[in-house]
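The values are calculated or read from the model by the stated rules, or taken from the named source; none is laboratory data. Not measured: the values here are computed from a predicted model. Using ideal geometry, Cβ is built from the backbone for each residue, glycine included, and neighbour counts are taken over all protein chains shown. Calculation scope for accessible area: heavy atoms of the full protein, side chains included, ligands and nucleic acids excluded. Shrake-Rupley method; radii C 1.70, N 1.55, O 1.52, S 1.80 Å.
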Amino acid sequence: MAIGSAAASSLCPQAPTVITTRHVNSLRRSCRRNGCVPRQRRQQPHRPTATATVNATSPNVADRFDAADWDAFLRGYQSQYVERSYCIEDGMVEGTIPAELEGTLLRNGPGLFEVGSQQISQPFDGDGMLAIFAFKNGRAFFANRYVRTEGFVAEQQAQKLIYRGAFSVGNPGGGLYNPFDLSVKGIANTGVVHWGNKLLALYERDLPYELSTPELLTKGQTVGVPSEAKYFGAHYRIMQQADGQRRLVAFNAAERGQDNQLNLYEYDEGMHLLHRTEVDLPGAAFGFFHDFACTENYYVVLENPMSLDLWKMATKYMLGRACIAECIRFDPSKQARVHLIPRPGCSAAAREAAALRPTFETAPFFAFHHANAYEAGSGTKLVLDTVADHDGVDFSANFENSGPAYYEQNEGRGTLTRLVLDLQTGAATQHRLMARACEFPSVAPSANGRPHTHSYVAASRFGEEGGGWGAPQAVCKVSVSPEAGVSQPCGRDAVQQDLYFPGRQQYAQEPIFVPRPGSAAEDDGWVLSLVYDGIEDRTKLVILDAQQLSAGPVATITLPHMLPLGLHGSWTGSYLGPQSEEWQPTEYDIRRGVSLEKAA
């Protein structure tokens, strides 16, 4: 989904639309912003439930994403100045937290939308704020804290903007504007992973920042990459090897004139680098390489069909009147391209197939995030499930010039789409799996790089073909045979949807699947999703039974405050909360001042 979804590339690391803050500013004046402390909590909290009136088969066609929905959506982009840590109290929980649920949900996203009296030019340029929910013995612990990047600390101490963001127009810090300087502030606000006993906050064009637990103190940039491009990237894949060991696979992309260079890395469970693969892609400078997929034998990389708008660059960007992202446009005259890159240690047959047909072309679409990829047909085919904007994406769309009418057209409307690549013939076939707009796809960890049946997405509450859609307000489980499009038909009737819709003016975020300990079935576990309540101005964590989302949450944790709408998250089986049950709650308002930390 364009407005409000995460997006990134090497040039434009955050969002598929330019969401400016002047409109949000007027909204904020109507919101209570005293540290984002909400109104008094009700004694009997409302339990969000699934609804039968808004689902995959019987949408209410008279309903539309209206002005009230829009205003509530914008309220999710308030700054949260207060950092907190506390044990979740019984009164915050409705239902029962499963005793088997042990580990930590990690979340990352922008939390700050102004510095001093200056507005950050685009909400997704906001400084990264990490949040964790740690579970053990049916209890939970919460903490949120800003990553003390060098840029965040410097600007907070100066109480003014100093650095350019990915969507900055001109020079926000004042002084001479240099249009040839494409460097951006590292804000550590996009991805998060716990790997090799390190908790890492990730950003597209920077190295990871490591944080301590449970305090979330910033240790610094403790992980580097052995390549000329000094980036780790914001997306990664965790792969289960044949020997039972897991690998963290990460990548970065860097422009070289009109070309692009990809670096792909594989780390063992101790965060030791095992492999680096470097690939040059001619003519791919504007391919928007934000995410990738991985199978047993291949890295799977999508190159989006984009072009540089030279007129806008010469007349607006060079004069400091537009950001560089606005000069990159979807080009329907180009094909979307999928590149297959052999993984180190892949089979000889896979290496031969990739050498014969390294690139597949298909009808143009735009995609930021992929659900999964896997090999099928005894190695003769490869399947990539992705969220595809078939009508393209418009980087000039923003909160000021859009409003709810934005959702009456299809540009920027992403839908779950299956690409089937025939490794023998070079053919690439597209299958739209559903009409419902969606983003932030994920699968069970056991299915990563393998044939999967179930995907989980943050979705529009509207499921009909064409017509209106809306911001992500629901969590949807999409079930389809892994053979669909391979050896079986792949029509819409082959796809099942199970929808959790928390209600009007509620905004669901990226769903994370957590397997039940000892489970065998792919969907035996829970789906965790943050939901922003635009009415009460609070954030909830819903814990859903993955086998029946529409039954509603088995537990809902309602925080006594809001968290801004975030980007990506992950799950680790490690409990990262306090070891003592006598944890003393903490609360700190960053407006009192921040400094670089020296966490052990």
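Legend: calculated FRET efficiency, Gln424 to Ala551, from the Cβ-Cβ distance at R0 = 41 Å, rounded to 0.05, equals 0.40. FRET efficiency for Ala349 and Ala314, Cβ-Cβ distance as r, R0 = 56 Å, nearest 0.05? Efficiency, from the Cβ-Cβ distance: 0.70.
Of all accessible surface on the chain at a 1.4 Å probe, what whole percent is carbon and sulfur?
That fraction is 48 percent.
The smallest convex shape that holds all Cα atoms of segment 400-505, its convex hull, gives 131 Å³ per residue.
Database remark: amide H of Leu274 closer than 5 angstrom to the amide H of Glu266, Tyr267, Asp268 (H placed geometrically; neighbours at sequence offset of 5 or more, or on other chains; Pro and chain starts carry no H). Seen from a random direction on average, the alpha-carbon convex hull of segment 338-480 projects onto 9.5 square nanometres.
Note that the chain presents 36 Å² accessible area per residue, ligands and nucleic acids not counted, probe 1.4 Å. Taking every alpha-carbon pair in segment 158-232 and binning the separations at 10 Å intervals from zero gives 17, 40, 31, 12, 1 percent.
Ellipsoid semi-axes for segment 528-579, based on the Cα gyration tensor and the rule √(5λ), read 19, 18, 11 Å when sorted largest first.
For the chain, the convex hull drawn through the C-alpha positions has a volume of 142 cubic angstrom per residue.
Å³ per residue of the Cα convex hull, for segment 199-261?
Values: hull volume 6.9 nm³, N = 63.
Per residue, the Cα convex hull of segment 199-261 comes to 109 Å³.
When all alpha carbon pairs of segment 239-366 are counted in 10 Å bins from zero, the resulting P(r) reads 12, 36, 30, 16, 6, 1 %.
The distance linking segment 319-342 with segment 181-252 is 25 Å (Cα centroid to Cα centroid, whole angstrom). For segment 468-478, 3J(HN,Hα) computed residue by residue from phi via the Karplus equation (6.51, -1.76, 1.60; θ = phi - 60°) reads x, 9, x, 5, x, 10, 9, 10, 10, 9, 10 Hz, glycine and proline entered as x. When Rg and the Kirkwood Rh are both derived from Cα coordinates, the Rg/Rh ratio for segment 274-339 amounts to 1.10.
The packing ranking of peptides 139-145, 591-597, highest mean first, is 139-145, 591-597, where packing means the average number of other beta carbon atoms within 10 angstrom of each residue.
When all alpha carbon pairs of segment 550-600 are counted in 10 Å bins from zero, the resulting P(r) reads 12, 29, 47, 10, 2 %.
For the chain, relative contact order (Cα pairs under 8 Å, six or more residues apart, normalised by length) works out to 20 percent.
Rounded, prolate or oblate: which fits segment 472-600, taking a ≥ b ≥ c as square roots of the Cα gyration tensor eigenvalues, rounded meaning a/c under 1.5, else prolate when a/b beats b/c?
Working: a/c = 2.31, a/b = 1.78, b/c = 1.30.
Here segment 472-600 falls in the prolate category.
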